[in-house]
Amino acid sequence: MSYCVHCGVELAPSEESCPLCKTPVLDPNQPWSEPEERPYPERLEVVPTKIDHRYGAKLASLFLLIPMAAVLFSDLILDQHMTWSAYVLGACGCAFCWVILPFWLNVERPYLYIALNTLSSALYLALVAWMSGGFAWFPALALPLTMLAGCSAMISVYVCRRSRMPALDKVSIVFLIAAAVLAGLESLIDLWIDGEVRLVWSLYALLPLAALSAVFRIIERRPKLKENILKRLFL
Amino acid sequence: MAKKTVGGAVPAWLKLDNAAKIYPPARSHGWAPMFRLSVTLAEPVDPEALARAHRTVLRRFPTFGYRLRRGLFWYYLERMNGQPELQQDVGNPLVRMDLRENGRFMYRIRYHGRRIAVEFFHALTDGTGGLSFLLTLAAEYLHVKKGLHIPCTDRILNCREAPRGEEIEDSFLKHARGQGKSRFEKPAYTISGTPERRYFLNITTGIMPAKAVIEKAKSLGVSVSAFLTSVLIGCFQEMQQKDPVRRKRRMPVKVSLPINLRRFYGSTTLRNFSSYLNVGIDSAYGRYTFEEILNLVKHTLGLEISEKGLNARMSANVNSEKNFAVRAMPLFVKSPFMKAMFMLQGDRYCSTTFSNLGEVVLPEEMRPHVTRMDFLLGVPYRNPVVAACVSYGGNMYISFSRVIREPYIERAFFTTLIKMGIPVRVESNQR
């Protein structure tokens, strides 16, 4: 018989390491060997998922190819070269990145998805700008706005995924990010139209959001007040 | 309307008992409330003999041969023929049972080496009913395999007798007196950790001499359940103090203790007839010493485990079931509502569950052929770690089921027992 040097428990012959602390069994007098019978067999029961998301994503991608092919052929037959179909193809590409790709990859990678979505949106807007002939608005307005939306989404996800941060602090920071996005949005539009920044309409949303953010931070730091609110709002 | 009966005493259909009503709507694709009981024999299991014994036992336990069906207002049980096929055991027991794949039966029998295990969907029965089924199956198996004649006890039923009417009754409806008691409590602390891979339940069993545990509990002036519950609460308190979230550090730590109601009412039903009691400490008031926890648990159990208190608790559930508005609501409306209630409230008021089936005493003829017993609980909706205990043959088997990777609680629990002078041997399903 072997004992775990950390936990002090006796280990059953089936245990190659302590199940409580993962310390391996190192008994020079009695090296571990596979026992004749383990308490549980090796075979695991596999439960097939009723909805195979990956298969569904592949199927959806195939379906998406149908309108893409249809518009491309129509455009090529009618105009002899690609014109309006580029818009549809670009939109389908965006839809693939936004909706289908997360199911296809089947892995939880929010930052990668946000980066891909930002990139696909920026590329689509660049395509629209290039196709419409006036490319100037893309680097001055569309690209910064897309980057602003992508960055704010990334920061929000980062904040929400921090397990150690209290929930209300997370809400407070997300509200501040939303306020900053609105201010950034108006600034970029102002810069594009007038060449100078004059915050007007965004203030109507920015101020309440900032105030709410402060309220949430205060509530998080006052347990009695929080408890009272929870008690009264309890369902 | 009188229910049509099969074979005289066995109705063609049954209403779900009061405790079982919540389980069918609450289950999901990945989760169902389940538990598992097993016996380890002295010799390897013969599947053919087991199948024969199973056929005989199922006739004696007719409620186990019902299937779950949807009615207009409630789920109900419908009698069916046949029996579920025996299965080879797996390394990840208590995976959510697909009733359709299991021939619509709500239990499954698995064997591995010398062990016979039965996994039950909780809508079918509780621990006591399940234990009776397993022991009767083991006794009948020994009869088929070795020609042994095992005398009947309160837990081993005579398979040559016809099922009795009181074994299929809904004892909740029979014994509830109507005056309910509020079920509201303060939400309890819940341990968190890294989620285990899907459909894998970590099982760690601690085997210890029952005598050592009983003597320790006696020396402290409490029952075995109170002693083990106090140790468990102490372990959760240790974890809670390290929790980075301040709000969680101030939540109560409570252990849910299932209570067999049969002993209060002399019921012999084989369906659900158990209640529960959440016992614990309120960490908002500070850190408790082990003696304080022990004292609190001992007196809470003494105060709360009375026929009157338990009746009021079950009456509250029965009153909800009898409420006209609830009854008149169609199932397709009621079902999501009940599921939502279960998700919000279910095990919100406890940090874990500790189910103690007590000591299993087998007839002398059976003892040399049964070497061990195990009891496993499936994890509830919210709490990732639960524990179950059963004693047999001078040993106590405490099994922890866990769906997080970190074995914080088991480690703290077993090392505490070792520090108290109780030797513990552990085994697990992890590789």
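Some observations on this one:
- Single residue of region B:244-266 satisfying the filter (crowded, with 18+ Cβ neighbours inside 10 Å and touching a Lys or Arg at 6+ places or on another chain (Cβ under 8 Å)) that is nearest to the other protein chains (Cβ to nearest Cβ): B:MET251
- B:ARG100 fulfils the conditions (1) within 14 Å of chain A (Cβ to nearest Cβ); (2) surrounded by fewer than 23 Cβ atoms within 10 Å (Cβ to Cβ); (3) in contact with a strand residue (DSSP E or B) (Cβ under 6 Å, 6 or more places away or on another chain); (4) not polar (S, T, N, Q) except for a single criterion, (3).
- Here B:ALA123 does not qualify as surrounded by 21 or more Cβ atoms within 10 Å (Cβ to Cβ), of a type in the set (Gly, Ala, Ser) and either within 14 Å of chain A (Cβ to nearest Cβ) or not in a loop (DSSP other than H, G, I, E, B) (or both).
- From the list B:ALA176, B:ALA139, B:ALA212, the one residue that fits, being at pLDDT 95 or above and within 22 Å of the chain's Cα centre (by Cα), is B:ALA139.
- Of residues in region B:416-426 being facing chain A (nearest Cβ under 7 Å) and crowded, with 22+ Cβ neighbours inside 10 Å, the one farthest from B:VAL90 (Cα to Cα): B:VAL424
- Count of region B:347-382 residues which are outside any strand (DSSP E or B) and within 14 Å of another protein chain (Cβ to nearest Cβ): 3
- Whether a residue is at the interface with another protein chain (Cβ under 9 Å from one of its Cβ atoms) and not aliphatic (A, V, I, L, M) was assessed, and A:PRO35 does not pass this test.
- Selection status of B:ILE398, part of a strand (DSSP E or B) and buried (at least 24 other Cβ atoms within 10 Å of the Cβ): yes
- Among the residues of region B:297-308, just one is touching a residue at least 60 places away in the same chain (Cβ under 8 Å) and either farther than 20 Å from B:GLY234 by Cα or touching a strand residue (DSSP E or B) at 6+ places or on another chain (Cβ under 6 Å) (or both), namely B:VAL297.
For (1) within 14 Å of chain A (Cβ to nearest Cβ); (2) of a type in the set (Ser, Thr, Tyr); (3) not in a strand (DSSP E or B), each residue gets a yes or a no:
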site: B:SER28; (1), (2), (3): yes, yes, yes
site: B:ARG36; (1), (2), (3): yes, no, no
site: B:THR40; (1), (2), (3): yes, yes, no
site: B:PRO44; (1), (2), (3): yes, no, yes
site: B:HIS54; (1), (2), (3): no, no, yes
site: B:LEU72; (1), (2), (3): no, no, yes
site: B:ASN81; (1), (2), (3): no, no, yes
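- Condition met for A:LEU62 (over 30 Å from A:ILE219 (Cβ atoms) and loosely packed, with under 15 Cβ neighbours inside 10 Å): yes
- When B:VAL385 is tested against the conditions (1) more than 21 Å from the chain's Cα centre (by Cα); (2) within 14 Å of chain A (Cβ to nearest Cβ), the lone failure is (1).
- Taking residues in region B:398-409 that are among the acidic types (Asp, Glu), and partners anywhere that are surrounded by fewer than 20 Cβ atoms within 10 Å (Cβ to Cβ), the pairs with Cβ atoms closer than 7 Å and at least 6 places apart or on different chains are B:GLU406/B:GLY193; B:GLU406/B:THR194.
- Check on A:TYR113, part of a helix (DSSP H, G or I) and more than 30 Å from A:VAL159 (Cβ to Cβ): no
- Among the residues of region B:234-256, those that are over 22 Å from B:ILE207 (Cβ atoms) and under 20 Å from the mean Cα position of the chain (by Cα) comprise B:LYS254, B:SER256.
- Residues satisfying the stated conditions in region B:127-160, i.e. crowded, with 20+ Cβ neighbours inside 10 Å and among the charged types (D, E, K, R): B:GLU140
- Residues that are among the polar types (S, T, N, Q) and modelled with pLDDT of 90 or more within region A:87-126 comprise A:ASN117, A:THR118, A:SER120, A:SER121, listed in sequence order.
- Looking across region A:18-32 at every residue that is more than 7 Å from every other protein chain (Cβ to nearest Cβ) and among the aliphatic types (A, V, I, L, M), the one that is nearest to B:ARG115 (Cα to Cα) is identified as A:VAL25.
- Matching option when the condition is under 30 Å from B:GLY30 (Cβ atoms) and within 8 Å of chain B (Cβ to nearest Cβ), among A:GLU15, A:GLU10: A:GLU15
- In region B:382-397 there is at least one residue that is in contact with an Asp or Glu (Cβ under 6 Å, 6 or more places away or on another chain), closer than 28 Å to B:PHE133 by Cα and modelled with pLDDT of 95 or more.
- Yes/no for B:SER274 being farther than 25 Å from B:ASP154 by Cα and either assigned by TED's automatic domain parsing to the domain that holds B:PHE133 or hydroxyl-bearing (Ser, Thr, Tyr) (or both): no
- From the options B:PRO47, B:PRO93, B:PRO62, B:PRO84, residue that is closer than 29 Å to B:LEU362 by Cα and at pLDDT 95 or above: B:PRO47
- Checked against the criterion of being within 14 Å of chain A (Cβ to nearest Cβ), surrounded by fewer than 18 Cβ atoms within 10 Å (Cβ to Cβ) and among the small types (Gly, Ala, Ser), the candidates B:GLY91, B:GLY113 yield just one match: B:GLY113.
- Scanning region B:161-219 for residues that are more than 14 Å from every other protein chain (Cβ to nearest Cβ), surrounded by 14 or more Cβ atoms within 10 Å (Cβ to Cβ), among the hydrophobic types (A, V, I, L, M, F, W, C) and farther than 23 Å from B:VAL390 by Cα turns up B:ILE168, B:PHE172, B:LEU173, B:ALA176, B:ALA188.
- Summed over region B:47-87, residues that are free of Cβ contacts under 8 Å to residues at least 60 places away in the same chain and under 22 Å from the mean Cα position of the chain (by Cα) total 8.
The values are calculated or read from the model by the stated rules, or taken from the named source; none is laboratory data. The shown structure was predicted, so the numbers you read here are calculated from the model rather than taken from an experiment. Neighbour counts run over all protein chains shown; Cβ positions are idealised from the backbone, glycine included.
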